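Have a look at the structure below, then the notes.
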Amino acid sequence: MSDLYWKDLPVMVTGITGFVGSSLAARLIGLKARVVGLVRDDVAGSNFHQLGLEQAVTVVHGSLEDYPLIERTINEYVVEVVYHLGAQTIVGTANRSPLSTFKSNIEGTWNLLEACRAHPHIRAVVVASSDKAYGTHKDLPYREDFLLNPEYPYDVSKACADLLARSYFRTYGLPVVITRFANIYGPGDLNFSRIIPDTIQSVLQGRPPVIRSDGTPERDYLYIDDAMDLYILLAERIAETKGEVFNAGHNKPIRVLDLVETILRLSGQTQLRPNIRGKGNPHGEIDRQWLDGGKVKRLLGWEPHMALEEGLQKTIMWYKSILGC
């Protein structure tokens, strides 16, 4: 269905200069879609530029907080599918600067949804929530029917965006589908505040990787290509997915220390020992979180294909190429 569905289809991607947004834009261009990207900050050296996307997409400069701009963009380019990936995504940044995070992640989301509601040609709106919207639960893995129980600024902002999206479906029938993905990793991620890019960069440069917790927090990780496959599928099958929330992950948690040790082994750098700086989990971070992906497998037949070690190996090779190591 992909080629027929996407050819010449006007698609808007917010957060297009980010790791996931740029990867999605590249996939959409490969499917012959006409991509419009919202760009707040033009970051030199970003994956967006490394992929040469500035030559392949229509760039609109501005922010999600600018409602007239969002409404004009959707109207002027007759956008039919929207991927709302734009957000302030770093937990530490949210803790330091909650107001800017709330403006981007909450106000930005209601602006986007309201602008979509104003245009009847919108056929699908895919909103990226987060596994962190669940907050802390004793029962694991998280399922889509769990109550959202966030406590920290980033988690709260994503839960609010999630709720807003569902309200626009329930109230106005806007064809919205919401994703709650595990931590996405892979080639193209140049945010070195994240555990996988930071660890790989340190190891390839011969430095002991730093662990900012005590190494015991548990997470699940989703390879970028698997995430892209699902993003495409959710829009293609919007008749079945609208109004729904979907988890995506392996339901295979791994401790931070074990993840770092795996990267050391795959890199052939086991002589480097992790520098464990934390006691417990960093403030504002959830200690244990992973996802039950049974719903998306049951309804859409999707499940991730890339095993963690194979995905890490591919990711390490990509960083070697860009870092010259």
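The values are calculated or read from the model by the stated rules, or taken from the named source; none is laboratory data. What you see is a predicted model; the values in this text were computed from it and never measured. Positions of Cβ are generated from backbone atoms using ideal geometry, with glycine treated the same way; all protein chains shown enter the neighbour counts.
Key figures
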item	result
Matching residues, the stretch 282-302, being among the acidic types (Asp, Glu) and surrounded by 15 or more Cβ atoms within 10 Å (Cβ to Cβ)	285, 292
Members of the stretch 265-281 found to be surrounded by fewer than 16 Cβ atoms within 10 Å (Cβ to Cβ) and either at pLDDT below 75 or within 11 Å of residue 217 (Cβ to Cβ) (or both), listed by number	279, 280
Every pair of residues 6+ apart whose Cβ atoms lie under 8 Å, when the first sits in the stretch 136-153 and is assigned by TED's automatic domain parsing to the domain that holds residue 98 while the second is among the hydroxyl-bearing types (Ser, Thr, Tyr) and part of a loop (DSSP other than H, G, I, E, B)	149/136; 151/136
Selected residue (criterion: farthest from residue 133 (Cα to Cα)) from residues of the stretch 171-195 that are of a type outside the set (Val, Ile, Thr) and part of a strand (DSSP E or B)	185
Any strands (runs of 3 or more DSSP E) falling wholly within the stretch 1-91 and containing at least 2 residues that are surrounded by 24 or more Cβ atoms within 10 Å (Cβ to Cβ) and without any contact (Cβ under 8 Å) to a residue 12 or more places away in the chain	none
Helices (runs of 4 or more DSSP H) (entirely within the stretch 209-325) containing at least 2 residues that are aliphatic (A, V, I, L, M) and touching a strand residue (DSSP E or B) at 6+ places or on another chain (Cβ under 9 Å)	224-236, 256-267, 294-300, 308-323
Which numbered condition residue 170 misses (of (1) under 18 Å from residue 299 (Cα atoms); (2) surrounded by fewer than 18 Cβ atoms within 10 Å (Cβ to Cβ); (3) not hydrophobic (A, V, I, L, M, F, W, C))	(1)
Residue within the stretch 94-109 that is β-branched (Val, Ile, Thr), farther than 22 Å from residue 169 by Cα and not in a helix (DSSP H, G or I) present	no
Test: residue in the stretch 240-258 that is free of Cβ contacts under 8 Å to residues at least 60 places away in the same chain, out of contact with any Cys (no Cβ under 8 Å at 6 or more places or on another chain) and among the β-branched types (Val, Ile, Thr)	yes
Hits in the stretch 103-129 (condition: of a type in the set (Gly, Ala, Ser), closer than 14 Å to residue 159 by Cα and surrounded by fewer than 24 Cβ atoms within 10 Å (Cβ to Cβ))	104
The lone exception for residue 136 - which of (1) within 27 Å of residue 250 (Cβ to Cβ); (2) among the hydroxyl-bearing types (Ser, Thr, Tyr); (3) at pLDDT 95 or above it fails	(3)
Among (1) charged (D, E, K, R); (2) in a helix (DSSP H, G or I); (3) touching a residue at least 60 places away in the same chain (Cβ under 8 Å), the one test that residue 198 misses	(3)
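So that you can scan it fast, the table gives a plain yes or no per residue for (1) more than 12 Å from the chain's Cα centre (by Cα); (2) more than 18 Å from residue 312 (Cα to Cα); (3) of a type outside the set (Ser, Thr, Tyr):
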{"position": "174", "(1), (2), (3)": "yes, yes, yes"}
{"position": "182", "(1), (2), (3)": "no, no, yes"}
{"position": "198", "(1), (2), (3)": "yes, no, yes"}
{"position": "204", "(1), (2), (3)": "yes, no, yes"}
